[in-house]
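One structure below.
The values are calculated or read from the model by the stated rules, or taken from the named source; none is laboratory data. Everything numeric in this text was worked out from a predicted model, so none of it was measured. Reconstructed Cβ throughout: ideal geometry from the backbone, glycine too, with neighbour counts over all protein chains shown. Ligands, DNA and RNA are stripped out before the accessible areas are found, and what is left, the full protein with its side chains, is counted by its heavy atoms. Shrake-Rupley method; radii C 1.70, N 1.55, O 1.52, S 1.80 Å.
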Amino acid sequence: MKPVLLDLENVWKIYQMGEVEVPALKGVSVQIKKGDFVAIIGSSGSGKSTLLNLVGCLDIPTKGKIVLKNNDISKLSESDLASLRGKTIGFIFQQYNLLPNMTAFQNVLLPLELQEMSDHDARKQAEKVLKLVGLDTHMRHLPSQLSGGQQQRVSIARCLAANPEIILADEPTGALDSITGKEVMELLEKLWKEEGKTIIMVTHDLHLASYAYDKIELKDGKVVENNK
Ligand SMILES: Nc1ncnc2c1ncn2[C@@H]1O[C@H](COP(=O)(O)OP(=O)(O)OP(=O)(O)O)[C@@H](O)[C@H]1O
Ligand SMILES: [Mg+2]
């Protein structure tokens with residue numbers, strides 16, 4: 001039996017817009033186990049990004065419970081939650097969020113320098129993850145000297161640098177053409193297969209969703225299909 005990494009029980013997210021309440025998630029329950037590769041699908045506005053932000057502990061639910069690695073996150077202090085999240089979860093977004101004046105290597109090194117790691121080990125780790133994403137020959141390039149797909153791979157390397165158990169990706173290929181998008185998907189698949197990462201990915205592209213083994217479909221803030 002695979003251990004449960006994340007457990008969402010009857011989770012609601014209601015955004016308050018002045019007087020108006022916008023219910024974005026309405027009683028969602030899902031479990032993510034170690035080694036899962038899950039696609040969250042559904043039409044625009046169905047609550048996918050809201051769900052991913054909650055899963056990644058970037059936001060807290062209005063109602064319901066989220067348990068990350070046996071920790072009820074509502075019972076953790078802000079700093080304990082930040083530390084658990086930092087150790088456990090890596091994020092990839094549609095925008096690469098790379099610093100334009102830093103090389104690929106420096107972009108990956110930066111978060112490692114904030115950790116308690118020697119300079120030497122940080123540099124070794126940055127090299128290792130850039131190699132893993134196939135960019136060992138492009139480490140000295142600035143983002144502007146890389147293609148979109150290569151920039152996304154730098155952002156994936158940056159996410160891998162802290163060695164997270166879980167990778168969350170919101171439309172990771174959204175800004176890429178279909179061929180480059182496929183390459184990024186194949187990279188995610190490799191990280192899942194060969195590095196044992198647990199991957200949760202949001203997409204509205206059903207073809208890309210077919211890379212994932214499990215699908216959670218949202219409609220109007222509710223899970224309509226969960227073939228996990
Ligand atoms: N910060 C916010 N404040 C108010 N309402 C919000 C906020 N974020 C999202 N919403 C609303 O919550 C609902 C779900 O939004 P969400 O961004 O999760 O959808 P999505 O499935 O990711 O859509 P897309 O495919 O377009 O990215 C929508 O009705 C949206 O307008
Ligand atoms: Mg979204």
GluC sites (Glu not before Pro) lying in DSSP loop within region 1-97, provided at most 13 other Cβ fall within 10 Å: 19
Max mean-square fluctuation residue, GNM over the chain, Cα-Cα springs under 10 Å, options 74, 155, 83: 83
Nearest-ten-degree value, helix 78-88 long axis tilted from longest Cα axis of the chain: 60 degrees
Rounded to 5, the percent of DSSP beta bridges in region 4-226 classed as antiparallel: 55 percent
Local electrostatic count, residue 41, Cβ distance below 9 Å [Lys/Arg +1, Asp/Glu -1]: -1
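All other residues with a Cβ under 14 Å from the Cβ of residue 59 taken together, and with Lys, Arg as +1 and Asp, Glu as -1, what is their net charge? Show your work: numbers first, answer last.
Values: positive: 13, 48, 63, 85; negative: 78, 170.
Its environment carries a net charge of +2.
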Apportionment of accessible area to carbon and sulfur, the chain, percent (1.4 Å): 49 percent
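If you place +1 on the Cβ of every Lys and Arg and -1 on the Cβ of every Asp and Glu, how big does the dipole about the Cα centre of region 98-228 come out, in debye to the nearest 20?
Numbers: 15 positive and 20 negative charges, 35 e Å.
I would put it at about 160 debye.
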Of 76, 41, 213, farthest towards positive along the dipole that unit charges on Lys, Arg, Asp, Glu beta carbons give the chain: 213
10 Å beta-carbon shell around residue 216, net charge (K/R +1, D/E -1): 0
Relative frequency of Cα-Cα separations exceeding 30 Å in the chain, percent: 25 percent
Dipole magnitude of region 4-226, debye to nearest 20 (Cβ charges: Lys/Arg +1, Asp/Glu -1, about Cα centre): 220 debye
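If you roll a 1.4 Å probe over the heavy atoms of the protein chains, what accessible area per residue do you get for the chain, in Å²? Don't skip to the end; give the middle numbers.
On the way: 11600 Å² over 228 residues.
The answer is 51 Å² per residue.
Among 197/228; 33/128; 13/197, which pairs are too far apart, with a Cα-Cα distance over 21 Å?
Violating the 21 Å Cα-Cα cut-off are 33/128; 13/197.
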Alpha-carbon centroid distance for the pair region 130-177 / region 178-212, whole angstrom: 13 Å
